[in-house]
Amino acid sequence: MNPILVLGGGPAGLSAAAELAALGAEALLVEREAYLGGNPKRWHYSLLAPDLRPAEEILGPLLGRVEGSPKVERRLSTTLTKSERLEKGFRVTLKTADTVETREVSAVVLATGFDHFDSRRKFEYGYGRYPDVIDFKELEGMIHDDKVVRPSDGRAPKRIAWILCVGSRDIQVGNPWCCRLGCVVSIKQAVEIRQKHPEIDAWVYYMDIRTYGLWEDLYWKSMQEYGVKFIRGRIGQVTLAEGGAQLLATGEDTILSRPTEVPFDMIVLASGMEPGTGTKEAAGLFGLPVGPEGFLTPRLSDMNPVDSGSPGVYFAGAATGPKAIPDAVTEGMGAALRAFQYARE
Amino acid sequence: MPIVEKSLVEVDRTEKLEIDGIDVSGEWNTFLRSRVQAHLDVRVSDWVKGQPQGETISRCWQCGTCTAGCCMHTDYGLTEFNPRYFIYLAQVGYEEELRKYATTVWRCVSCNKCVERCPKGVKVEEVIHTIGSYLELTGAAPESPADRFDRAYASNLLERGILDEAALFRTYERLEGRKTPARDLMRMGLALLRSGRLHTGPFAHRTRGWKKMGRVLRENLEADERRRRALAVRAAPPNGGRP
């Protein structure tokens, strides 16, 4: 049996590769970046919602299973440039900076993931123009290293505001979907900051709070135990306050029915999730349909969310839409099982 | 600060323009306060949350169940009395807007329907009263004639332990800044004295052992006043100090 290709080394891909190895199959894990771990690794995610456990604690064992297994062949800094369907499986071309190699694989798991929305595209929020407007993926790293300071002057902020749904639920940027994680991650960040630095005040500007399922608990705790304040209304623009030391968030408080113009030391944008570069490329390489949002679409998203509908090709994780890590890991397992069954037939 | 016709804007946004003590604002040339809320800070909510009756304020998520069943708001029709809104202002930190409701907030009749129904266990009735206390302690409500009478009454009692009606009347008149003509005073005083309803001057009583009791009371009141002053310092400047 030829190895099974797992494309993408984030939580979903790691989970699929580890599970394939456990099933006794050979996995060929291909990752574009020079490291495994995907977005959580790339942006140094701090604690993960909802249990507030460090990202390392969750990714670590997965990485260990993959890196410690002789069944998993890891190819970093490698991209897939060509794929050709065989009678059983595929012939794929793997490319690194200086090598090109052709391999035969018996099945494919696409775990190509998502990219964070580029907040510069919401130009009215001044990301990229004002250093103290930061993206929440950058705040993850700051919290991780316990260095929550204003990029402009290195001083600790006293007032931070989060703006939710940046690049999500917004047809102006072409992203009408909900990113599912902006609420819970922002709230988690506010809680982490208030835990370590109670002197920092935290406000969250929201349209809706979608801490669905059991995550609701974190939302409640953030208000009751950590004093995070929630303001209903979407900020329209961020400018520099008079004197230039602070940022001015202009919007409407829809509960107040009034315009507000409030100064903050730092503004955090909860940027959404978009189909990853690899996801778009994989759709082209394997001739798969994508939905209007650009994510890969399972044949039966309710009955079998890991089945692409194309024989031998399976999906896992955020390639099919915004997804939390536990869901990505679960799908990795499901996709591994289905790919293994297909390869063995 | 734009200038528009007064009838087009809400009453609370107009500002009087006085020159040499004469109101010259009229229907036109009215000065307006900005509708923009620029002030947002956590002092009110911190204080309310710090009181035993106010700590559940941080649970509120603005569903409006309390206001929906509020008898003041719905049955009595006092739409200005909106517990959800008061909680929002206090919780999020719009102190300036909240101060407008310094007297309205006390209209709650404690029917406690809100407390029974709140899905998050906010003790709405207690929280609303705590917000009222904050506003009172920070001097958000203007002093009414009744408040001044209370002050006169209290100082009179503190001095002697029992009322001296004539002294009370004098103190109240001083606080109100008005003066009843001597002839009227005489006529009224004589009638009251004759009917035995006025105790003053040599006829007035004084509570026995009042000195000690009065001291204890005064100490308590002074402590209260210190608390009030401390809070007043903490209270936020209107609109973040912006025009």
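Quick notes on this one:
- Orientation-averaged projected area, Cα convex hull of chain A (nm²): 18.1
- Separation of the A:Leu300 and B:Met213 label points, Cα + 7 Å toward Cβ, nm: 8.8
- Shielding by partners, peptide A:194-205 (average Cβ within 10 angstrom, other chains): 1
- Antiparallel bridges, percent of DSSP beta bridges restricted to the protein assembly as shown (to nearest 5): 55
- Within segment A:7-146, the ratio Rg/Rh, alpha carbon atoms throughout and Rh by Kirkwood, equals 1.05.
- Across the options B:Val216, B:Ala167, B:Leu157, the greatest Cα extent toward the positive end of the charge dipole of segment B:154-225 (unit charges at beta carbon of Lys, Arg, Asp, Glu) belongs to B:Ala167.
- Equivalent-ellipsoid semi-axes of segment A:294-345, from the Cα gyration tensor, Å, largest first: 18, 13, 8
- A protection proxy built from the mean count of other Cβ atoms within 10 Å ranks the segments A:14-25, A:162-173, most packed first, as A:14-25, A:162-173.
- Accessible surface ranking for B:Asp46, A:Asp307, 1.4 angstrom probe, highest first: B:Asp46, A:Asp307.
- Where a label projected 7 Å from the Cα of B:Lys179 along Cα→Cβ would reach, residues of segment B:150-169 with amide N under 20 Å: B:166-169
- The lysines within cross-link reach of A:Lys82, meaning a Cα-to-Cα straight distance under 25 Å and a gap of 8 or more places when in the same chain, are A:Lys71, A:Lys95, A:Lys280.
- Of A:Gly236, A:Cys178, A:Met223, farthest towards positive along the dipole that unit charges on Lys, Arg, Asp, Glu beta carbons give segment A:118-271: A:Cys178
- What you get for segment A:87-220, charging only the Cβ of Lys and Arg (+1) and of Asp and Glu (-1), is a dipole of about 180 debye around the Cα centre.
- For segment A:196-345, the ratio of Cα radius of gyration to the globular rule of thumb 2.2 N^0.38 Å stands at 1.46.
- In summary, segment B:43-141 shows an alpha-carbon radius of gyration equal to 0.94 times the 2.2 N^0.38 Å reference for compact globular proteins.
- Equivalent ellipsoid semi-axes, segment A:118-271, via Cα gyration tensor eigenvalues times 5, rooted, Å: 20, 20, 16
- Under the combined filter of DSSP loop state and at most 11 neighbouring Cβ atoms within 10 Å, segment B:87-148 retains these GluC sites (Glu not before Pro): B:Glu143.
- Translational diffusion of the protein assembly as shown was estimated from the Stokes-Einstein equation, with Rh taken as the Kirkwood radius over Cα pairs; at 20 °C and 1.002 mPa s the coefficient is 74 µm²/s.
- With a simple spin-label model that places each label point 7 Å from the Cα along the Cα-to-Cβ direction, the separation between A:Glu281 and A:Ala97 comes to 1.6 nm.
- Within 10 Å of each Cβ in B:89-95, the average number of Cβ atoms from other chains: 4
- Taking all Cα-Cα distances within segment A:196-251, those exceeding 15 Å account for 62%.
- Spin-label model distance (nm) - B:Glu225 vs B:Arg197, 7 Å beyond Cα toward Cβ: 3.2
- Segment B:96-223: translational diffusion in µm²/s, Stokes-Einstein, Kirkwood Rh over Cα pairs, 4 °C, 1.567 mPa s: 71
- Spatially proximal lysines relative to A:Lys158 (Cα-Cα < 24 Å; intrachain offsets below 8 disregarded): A:Lys137, A:Lys147, A:Lys188, A:Lys196, A:Lys221, A:Lys229, B:Lys49
- Using the Cβ-Cβ distance between B:Glu80 and A:Ser77 with R0 set to 41 Å, the FRET efficiency from 1/(1 + (r/R0)^6) comes to roughly 0.05.
- HN-Hα J in Hz across segment A:297-303 - Karplus 6.51, -1.76, 1.60, θ = phi - 60°, x for Gly and Pro: 10, x, 5, 10, 5, 8, 7
The values are calculated or read from the model by the stated rules, or taken from the named source; none is laboratory data. None of the values given here were measured: they were computed from a predicted structure. Cβ atoms come from the backbone with ideal geometry, glycine included; neighbour counts cover every protein chain shown. Note: accessible area is taken over every heavy atom of the protein model, side chains too, but ligands, DNA and RNA are not part of it. Shrake-Rupley method; radii C 1.70, N 1.55, O 1.52, S 1.80 Å.
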